[in-house]
Structures are given as structure tokens and as C-alpha cells.
1. Where the centroid of each part is defined by its Cα atoms, how far is region B:32-73 from region B:126-166 in Å?
2. Can you tell me how chain B classifies by the Cα gyration tensor, rounded, prolate or oblate, using a/c under 1.5 as the rounded cut?
3. Only counting other Cβ atoms within 10 Å, I'd like A:Arg121, B:Arg147 sorted with the fewest neighbours first.
4. Please list 3J(HN,Hα) in residue order for region B:197-210, calculated via the Karplus relation 6.51 cos²θ - 1.76 cosθ + 1.60 where θ = phi - 60°; whole Hz, with x for glycine and proline.
5. Which residue, chosen from B:Asn172, A:Ala99, A:Pro117, occupies the Cα position most advanced towards the positive end of the dipole of the protein assembly as shown, where the dipole is computed from +1 (Lys, Arg) and -1 (Asp, Glu) charges on Cβ about the Cα centre?
6. Tabulate in residue order the Karplus-calculated ³J(HN,Hα) for region A:59-74, using 6.51 cos²θ - 1.76 cosθ + 1.60 with θ = phi - 60°, rounded to whole Hz; enter x for Gly and Pro.
7. Using Cα springs under 10 Å in a Gaussian network model of chain B, which residue among B:Thr195, B:Thr148, B:Thr281 shows the largest mean-square fluctuation?
8. For region A:140-176, which trypsin sites (Lys or Arg not before Pro) are in a loop by DSSP, counting at most 14 other Cβ atoms within 10 Å?
Amino acid sequence: MNTQMFNLTQEMAQTIAAFQPSLVVVQGKRDSAGAGMVWQQDGLILTNNHVLNGRAPRVILADGRSFAAQIVRRDEDIDLALLRIETKTNTTATAAHPAAGQAAVRTGELVFALGHPWGERNFVTAGIVSGQGEFKTRSGRKIAYIRTDARLAPGNSGGPLLNAAGQVVGINTMILGGDQGLAIQAQVAEEFVQQVLGVPRASDSGMRAGEKSATASLRESI
Amino acid sequence: MSENLNPLMAFSNALADAASKAGDATVLVSARRRMPASGVHYAPGLVLTANHTIEREEGIPVLFGSGAQTTASLVGRDPASDLAVLRLEQAAGPLIGRSAQDGRVGQLVLSLGRPSEGGIEASLGVISSVGGPVRMHGGGLLERFLRTDTIPYPGFSGGPLVDAEGLVLGINTSGLTPGSSLTIPASLAWSVAETLAQHGKVRRGFLGVRSQPVELPASARQALGREQASGLLLVGVDEGSPAAQGGLMLGDVLVGLAGQTVEDPDALLGMLSGSLVGASTAVEILRGGQPLTLSVVVGERK
């Protein structure tokens, strides 16, 4: 029994340590920083839109290197943003991919939130999936979310909610009533990234389907 | 489940299984104006819930995790433990399993609730303390309660506290301690529920005395023939009360009831359970330093 408990906590520490190189700081506001994660090894960073406001964003990697970041796309409606830094990374976040017909997460399963609450770097909180649902964005889109009892605070925004396998199941985005964390489901982020990188938007009509629209949208955002 | 899960993933799966299993027997109970609360299907057709969330007695909508919906009516309520029992018009879902053991400090637990149609909700934590007895508002005595560091989300009152296997350890309520939540242990909750299901209320015994604990001198202990440290000095005996009718007098020191020693007022309150009501009960006192046993017919606290 004690061995099991020891293995369990060891595994927990390893799971979190394995993700930590993919966790970044996003400095997008004058007074506070948010979190983000390396989404692709070519320098693509995923974060919340609301951590970007009023200054040219910078991204600090886990190894301490700091980069000026280009804004690839901001989506205020679903509160996600994609940044690019001019470097390659060794690691990347992996999103959970549920088997067909299965839910992405189960209520009660273990989750870990990684971020920088109140500016405290690389802070981990643990909890479970407390509930799941959908909310309607301002434009009427339905977005799947996860609620968690893992403690979140300002500075967690844009950071990952990981499952026990160390995969991203959500992007920590909001705090409700002080003790309830809300994360946008990872699938929403994946669709967002695919849409930004792979499928041209209506306004990018001059581009061929499949062509990367990152620079085009970059021009639009700035 | 695949065999190659690491211990963390296996544990995570087990927690989700526990939430799902106990969640199937955790129901939404809509008997108040503001948001619904939760309840537990504990016996066929019967739901245990938190008394303070029950603002009406008939036609109470109850929703199971399967989506099955039925209505329930109030069978009985016990404000002292903040428990109420409802009877379902149709038995509509699985029963919750009960843990064979009492909750222990440090034990991993889940608090569950079903305050909305959006599925079961859960919070993870540990049992922080085991407390009691504590005297509640209105004179009732709560023999034992659990505290946890799980988050009592809105609408969790009446929902279960379960162990890592999804077996119930108690019923959560925020109705007894404003601003926080505590858990009525399953052993106590089930016994209250049984009484409520049979009698519609929990009867509590009444003597009609006011008392204060006093140390017993060595001579008194000798007279009693046992090492009892304290007793209850009667500083008031209500006129016409069961105690007065049984011959208890001001200045008597109550040292035993129904064959059990009484050393403090909470112990006395705890012993005056409903089963003694109406029964001729032996009350052991010291009068003038001499032991004496009187017979008192215990009344019912209104």
C-alpha cells in the first residue's frame, strides 16, 4: 500500500516535470503576466486572448530565454490567441485525443493546473474535473468547458490543465466565484489552431486552400 | 481498462469511476426557490437530503443522472441533523452503496452534487477532522460530524461524501454552519433516516431540568462505588416536568441515566434519544451525598 502511494506521487511529479519545459510565461500586459504553452516545436505558442493587452507580447520559455512574440491570431470570442517566437523548441504540449465516441474528460478524473498564479512562476495545483458543460460566446458559438476544483488565480490564464497522462485537456481561462476554475476544452484550442494554420478564412480569399495563413492573419491582427 | 496504465492514470480512472457510480444515485432535488440542491437515493424509493433545502412538502421534482425524472413528497425532517427524507413517486434509479467503515482523518474523499441538469459535479479532498458532539441551535445535539477540504459548491447540500470507491461516508450540508459545510456521518444519517421514514420525525427526550457539571468529592465517588469525576448539579427543576413528577429536586446531583454514567450536560442530551420517550427510566442521583435511584418517565422535547 505504501509502495503504491509512493509510486503514485512519483508518477505525479514525473508527469508534471515532463510538461514543465512546454510551459511559458506570456508578458502581454503592462502590470501582469499570464501563462501559455508551446503548441508546436517551430515556436507556436498558445495562450488566452485576454492576457494580451496594451503591449507587444514577449514569451519567456521554461529555460529562461525571452523572445518578442508575433501575434498570429487573436480570437476574442473564444478567448484564445496564437503567438509565434523565432526559435525552435525541444518539447511541445500534447493535447488529449479521446477515442471515438468517448468523452475527452470524465468528471472526477485527476487534473493538474500549471501556470504562474500571482506571478509565482511554474506553480502547480491539483484537483479533479468538477463538472463539464458548454457556454455560449458573444457571437453565439458553443464552447465546451471543464470546471475544476484545482485552485486557479490570475497568472494561470492561458496555461494548461493536464490529465493524469500529462496531456492537455483544457486551457485555464476563468475563475468563477473564487473557488471554481474554468478551462476551455483542448479540442476547442485544436480546432482554433487548425483553422488558423490550415484553413484560410473568408478574408484570405486570395490564398489557396491548405496554404499557411499565419503571416496573412498576422498582418491583419497588427 | 488497458493494462499498461501507470498508477496515476489508474488512480485518476478510479476516481472518475467513483464519481460516476455514486453520481448515478445522487439526485437533483428542487424544493426551494433558488437553485436546486442534491439528494441521495439510499433505500428503494427513498431519498435522503438536506432539510434546509426543502421549502415545500409535495410535488418535489427529483432528477436522476440517467435523466429519469419523478416527483417526491416529504416523509419527515430533522432540523437538528439537517436531514430530510423524501419518498419518490416512482423508484427511478440505482441506490448508493454505503462504506462499511467510518470516515477517517486524512482519507481521500469526493463531495458530489447534482444541482443542475448539466451532469454530476465533484470536488476532491480529504477528511480534515472528525468532530462532535456539538450542540446545535434549538438544543439538538449532533453526536458526530466530519469536516473536509472539498469545496462545497452551490447546491451540494444533501449530496454524498464518498470514498475512492464511490461508497458513501456521509451527507454534506451547509445548513448547520453558516458559511461552511460539514458532513453528517453515514451511520448517523442512516439511523436518522430510518427513524424519519418510520415516524416522520426524530423524537428527543426531555427531563425539564437545568444543570451544571460539578466535581464529585472522594466521599461521593466512594458512595457510588466507582471512579466518576463529575456529575450534574440540578440548578432548576421545571414545575410539572417529567423530572419533577419523578421526584427530582433542586440540589440533587445527577450521575447516571438508564444505567449509563452522566458526567456532563452534552452526555445527558445525547442519552435522551427518542427511544427513551415515554419510558420509565432509571435516574441515578446523589442526594445529601447518598446515592439514590428514581424512576422518571421521560417526556418529549417539543
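Just so you know, all these numbers are worked out from the coordinates, no wet-lab data involved. Bear in mind that the values here come from a model prediction, so they are computed numbers and not experimental data. When we count neighbours, we look across all protein chains shown, and the Cβ atoms used for this are built from the backbone with ideal geometry, even at glycine.
1. Comparing the Cα centres of region B:32-73 and region B:126-166, I get a distance of 19 Å.
2. Values: a/c = 3.04, a/b = 1.93, b/c = 1.58.
In terms of gyration-tensor shape, prolate.
3. A:Arg121, B:Arg147
4. Here the 3J(HN,Hα) series is 5, 7, 10, x, 7, 9, 7, 10, x, 9, 9, x, 10, 10 Hz.
5. In the protein assembly as shown, that residue is A:Pro117.
6. 10, 9, 6, 4, 7, x, 5, 10, 10, 5, 10, 8, 8, 7, 7, 10
7. Maximum fluctuation in the GNM of chain B, among the listed residues, is at B:Thr281.
8. Listed in order of number, the matching sites are A:Arg141.
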